[in-house]
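**Student:** Questions regarding the structure given below will be posed in turn.
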Amino acid sequence: MQCGLAGVPSPTSTTAFARQHTYALVSSPRLIGSGLRAAAVAASSSSPLEEGSNPGARLQGRGERGGRRGRRENGRGGRGGRGGRQAVSPGNAIEAAKCLASSLHGGGSGGGGGVGASHRDVNTRAVAKLVGKTLASCKDARTEAASDAAWELYQAAVRVGVTDHFTIREYNFALCAVQGSAEVSRSRVTAVWDGVTAARDLAPNEVSTALLARGLCRRSSDVSSTLALLLEVVSREESAHVDAYVLNVLLNVCLRDAAALAPRRGEVGGSGGVRVLSPLDVEAAAVVRESALAVWNAGKGMHNERTLTSTIKVLADAGDSEASAKVFEDAWEHGVPLDADCLAVMLRIMCCARPSREVLALYRRAQEERGLKPTTACANIVLTSCSRDGNWKSALSLWRHMLRCYRPPPDKASLAAVVLACGRSGRGDLAVAAFKEGKAAEGVEYDTVTFNVLLDACARCESSPGQVLDILMDALESQIPVDACTISSLLTAYATSYATTKDVLEQAFAIVELGKFLQVEPSPRVINSLLRVCVTAGDMPRAVKTFEEAVAQESASVDSSSVSILIEGFARAGNVAAAVERIEVAVAMGVVVTEATVLSLITACVDAGDVERAVEVYHDATRGGRGGASTPPVLKGGPSLKLINALLRGLARSGSWQEAIRLVSDDVLSDGGIVADETTVSLFAKAFEVGGEEEQAKVAQLMGIWMQETDDALIAHLLEEDAVLFPPHVAETID
């Protein structure tokens with residue numbers, strides 16, 4: 001009878017599965033000695049086997065029992081398919097591993113008397129295969145508990161000599177099964193690998209090196225040491241080798257660490273859509289970057305399209321798109337295989353950091369020099385790049401090539417991208433033409449997003465309200481649902497119309513009512529667009545009424561931008577007092593006011609020449625009520641450099657140097673104050689100059705250097721003063 005349980009039907013309970021494993025120990029004629037037999041009987045004696053089970057049966061067919069037709073269990077350990085092993089639930093796998101480990105220890109429960117297993121009892125290949133099979137089941141469970149159970153079983157197998165009969169297949173199962181958390185994985189995998197290297201006539205294979213890499217490398221900081229060990233293994237074992245798969249195991253760790261940095265990006269900013277790391281993550285990103293480059297350099301001659309894709313993606317996610325480009329060029333020169341997925345990743349990286357002409361050049365180069373057939377995703381990235389920098393000519397050329405040759409075939413994302421490229425370039429007519437081409441083409445769908453992009457393009461180009469209304473009617477006739485963005489884009493077209501009259505204003509309100517009829521409730525974006533139409537028409541009472549009605553609704557349909565629009569409207573009408581009153585009313589109504597809104601109000605006061613009111617707004621926003629602490633400040637964050645410079649601009653224009661001193665003293669020179677910049681210093685000095693205090697202006701300039709908190713600037717200023725007082729010829733005379 002063959003030892004093993006490949007033919008046992010799927011167990012109905014955890015105990016049934018454990019009993020079936022230990023039944024094999026009892027049934028095997030090759031297992032001699034009472035110790036292990038007693039432990040196995042104890043583990044399986046709680047109740048008879050499940051009715052109809054057949055521990056000695058072979059797998060037949062490929063259905064739920066797994067394995068290829070008529071073949072014994074000799075696969076590589078997949079989940080119940082081609083590997084010849086039936087799928088096992090995690091709970092069953094853990095229980096089986098614990099039961100088998102207990103049997104090997106001699107601690108089985110039941111009536112076996114707890115007789116321990118001797119080395120002589122278990123030194124058979126049959127038990128080694130059973131241990132390997134159980135380890136494989138733990139491997140498939142992929143849980144911490146399964147890893148712990150597998151480690152316990154492996155240690156038991158080592159103690160009684162079962163591992164002396166392991167093949168590299170069982171060791172590979174062990175290498176994978178014992179990997180748990182990063183804290184324990186390295187020590188466990190190292191212990192198993194020591195068993196591999198100590199075994200005689202045992203040759204590690206490519207699976208072994210891949211599992212070793214996966215177990216040892218759990219963080220980017222582990223890459224260097226893991227690479228060193230892998231090179232040592234390859235130099236010592238002829239059968240072991242490192243290939244692209246092993247390299248990608250290491251790169252996947254870097255990818256995971258780079259992805260972990262992403263949620264903490266974005267606050268620092270960046271240009272062109274490039275993600276910039278915060279200072280706290282710069283060191284971590286450097287480790288990820290250097291680790292990925294170490295893998296790339298160590299794997300020269302072994303790389304393929306997968307490792308190339310992983311490397312450039314890691315470098316880009318770590319904030320170094322230039323390094324991504326260099327690696328890609330290096331791979332290109334050395335003939336590393338390239339596929340469409342890899343090209344798409346590189347195009348996406350370039351789209352964020354390079355002009356569209358360079359993105360388009362790579363797209364064409366890949367076809368001409370490598371014979372690559374780009375996918376629709378590749379073409380859409382190029383179209384998106386063209387839309388970002390307004391390259392409508394290249395976008396239209398590529399779009400029409402896709403329509404004409406169908407290589408690659410366009411889709412609705414392609415249509416949206418080309419329409420957006422034309423709209424951002426101010427070519428609403430071309431956007432409409434491209435939309436009609438896509439609508440007439442076979443296989444190109446369009447949806448709400450496509451119509452919204454088209455409406456936005458027309459709004460940017462100051463198309464007439466009638467034109468955008470026709471687009472809306474076209475969408476409704478095509479049974480395309482509309483949303484808040486659709487209504488907002490329509491209203492934006494009305495707001496930018498050069499002929500915003502009372503009739504046009506009434507049409508704008510009618511569109512909002514139409515949206516309600518179509519189940520589109522007014523969002524802050526819709527209300528803000530409607531307020532802009534009112535401001536453009538000069539109907540501020542209607543704007544205020546619309547704002548107050550929106551605030552009175554239960555759903556939050558206004559925001560800080562709504563207040564800014566009203567402030568802009570009153571400022572344009574020359575009514576600064578009403579603008580200031582509007583922000584006070586908004587705060588009283590519970591609307592959150594942002595720094596941008598306060599900044600717009602201060603700017604409006606300064607432009608109107610009302611510096612005194614600008615000071616009051618600044619004070620209310622950063623400190624609270626002018627009479628003391630009667631009211632809380634509008635802004636929770638307090639002063640900022642933008643607000644200080646905006647107010648200083650008004651103080652400098654009016655020569656209010658005394659108020660400028662108070663502002664700088666309170667919010668710049670105080671402990672924990674705002675660090676000034678060159679604009680702050682220049683405006684501060686100008687306030688003295690305009691106020692007729694020229695000597696004090698020089699002192700203010702020197703104070704400004706201190707305010708910037710830079711010793712280099714102060715030293716440079718002193719050296720400049722010395723050069724004026726003591727020219728070179730005077731200095732030589734003194735010497």
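The values are calculated or read from the model by the stated rules, or taken from the named source; none is laboratory data. Here the structure is a predicted model, which means the values were calculated and not measured. All Cβ positions, even for glycine, are placed from backbone atoms using ideal geometry, and neighbour counts span all protein chains on display. Accessible surface is based on the protein model in full, side chains and every heavy atom, while ligands, DNA and RNA are left aside. Shrake-Rupley method; radii C 1.70, N 1.55, O 1.52, S 1.80 Å.
**Student:** Starting from the Cα-Cα distance between D164 and E358, subtract it from 0.36 nm times their residue separation and give me the gain in nm to one decimal.
**Tutor:** Full extension of this stretch gives 63.8 nm more.
**Student:** Using r as the Cβ-Cβ distance of A433 and D607, and R0 as 45 Å, what FRET efficiency do you calculate, to the nearest 0.05?
**Tutor:** 0.65
**Student:** Considering Cα pairs under 8 angstrom that are at least six residues apart, work out the relative contact order of the range 450-538 and quote it in whole percent.
**Tutor:** After rounding, I find 34 percent.
**Student:** Further question on the same structure: May I ask for the distance between the Cα centers of the range 427-450 and the range 467-487, given as a whole number of Å?
**Tutor:** Spelled out, the Cα-based centre of one part sits 13 Å from the other.
**Student:** How would K326, K439, K98 rank on accessible area, largest to smallest, probe 1.4 Å?
**Tutor:** Per-residue accessible area, sorted high to low, gives K326, K98, K439.
**Student:** Short version: ³J(HN,Hα) in whole Hz for each residue of the range 505-519, in order, from phi by Karplus 6.51 cos²θ - 1.76 cosθ + 1.60 (θ = phi - 60°), x for Gly and Pro, what are they?
**Tutor:** Taking θ as phi minus 60°, the curve returns 4, 5, 5, 5, 5, 5, 5, 4, 5, 4, x, 4, 5, 8, 6 Hz for the range 505-519.
**Student:** Could I ask something else about it? Would you kindly find the accessible area of R370, with a 1.4 Å probe and non-protein molecules such as ligands, DNA and RNA excluded, rounding to the nearest 10 Å²?
**Tutor:** 80
**Student:** With the cut-off at 1.5 for a/c, could you classify the range 464-585 from its C-alpha gyration tensor as rounded, prolate or oblate?
**Tutor:** Since a/c reaches 1.5 but b/c is at least a/b, the shape of the range 464-585 is classed as oblate.
**Student:** Let me ask something else. Could you give each residue of the range 402-408 its phi-based ³J(HN,Hα) in whole Hz, using Karplus coefficients 6.51, -1.76, 1.60 with θ = phi - 60°, and x for Gly or Pro?
**Tutor:** These are the phi-based 3J(HN,Hα) values: 4, 5, 7, 9, 6, 9, x Hz.
**Student:** In nm, to one decimal, how far is the modelled label at E290 from the one at R142, with both set 7 Å along Cα→Cβ?
**Tutor:** It is 3.3 nm.
**Student:** Between E581 and T501, what length comes free when the chain is fully extended (0.36 nm per residue of separation minus the Cα-Cα distance, one decimal in nm)?
**Tutor:** This chain segment gains 26.1 nm when fully extended.
**Student:** Here's a follow-up. Please report the accessible area of C422 (heavy atoms, 1.4 Å probe, ligands and nucleic acids excluded) in Å², nearest 10.
**Tutor:** 0
**Student:** How much accessible surface does Y245 have with a 1.4 Å probe, in Å² rounded to 10?
**Tutor:** 130
**Student:** Still on this structure, please answer the following. How long is the gain from S224 to E477 if the chain were fully straight, where each residue apart is worth 0.36 nm and the alpha carbon distance is subtracted?
**Tutor:** Result for the pair: 84.9 nm of gain on full extension.
**Student:** What number comes out for accessible area per residue over the range 442-506 if the probe is 1.4 Å? Units Å², please.
**Tutor:** 46
**Student:** A follow-up question, please. Can you tell me how the range 274-359 classifies by the Cα gyration tensor, rounded, prolate or oblate, using a/c under 1.5 as the rounded cut?
**Tutor:** Judged from the Cα gyration tensor, the range 274-359 comes out oblate (a/c at least 1.5, b/c at or above a/b).
**Student:** Sticking with this one: Would you please put 503-515, 375-387, 638-650 in order of how densely packed they are, using the mean number of other Cβ atoms within 10 angstrom per residue and starting with the highest?
**Tutor:** So the order, starting with the most tightly packed, is 375-387, 638-650, 503-515.
**Student:** Is the shape of the range 120-165 rounded, prolate or oblate, going by the alpha carbon gyration tensor and its root eigenvalues a ≥ b ≥ c, with a/c under 1.5 for rounded and a/b larger than b/c for prolate?
**Tutor:** It comes out oblate by the Cα gyration axes.
**Student:** Would you mind pulling out the separation of the Cα centroids of the range 341-405 and the range 506-560, in Å?
**Tutor:** 40
**Student:** Go through the range 582-587 residue by residue and turn each phi into a ³J(HN,Hα) via Karplus (6.51, -1.76, 1.60, θ = phi - 60°); whole Hz please, and just put x for glycine and proline.
**Tutor:** Computed from phi, the couplings for the range 582-587 are 5, 6, 5, 5, 4, 5 Hz.
**Student:** Say each of Y245 and E462 gets a label point 7 Å from the Cα, pointing the same way as Cα to Cβ; how far apart are those two points in nm?
**Tutor:** 6.4
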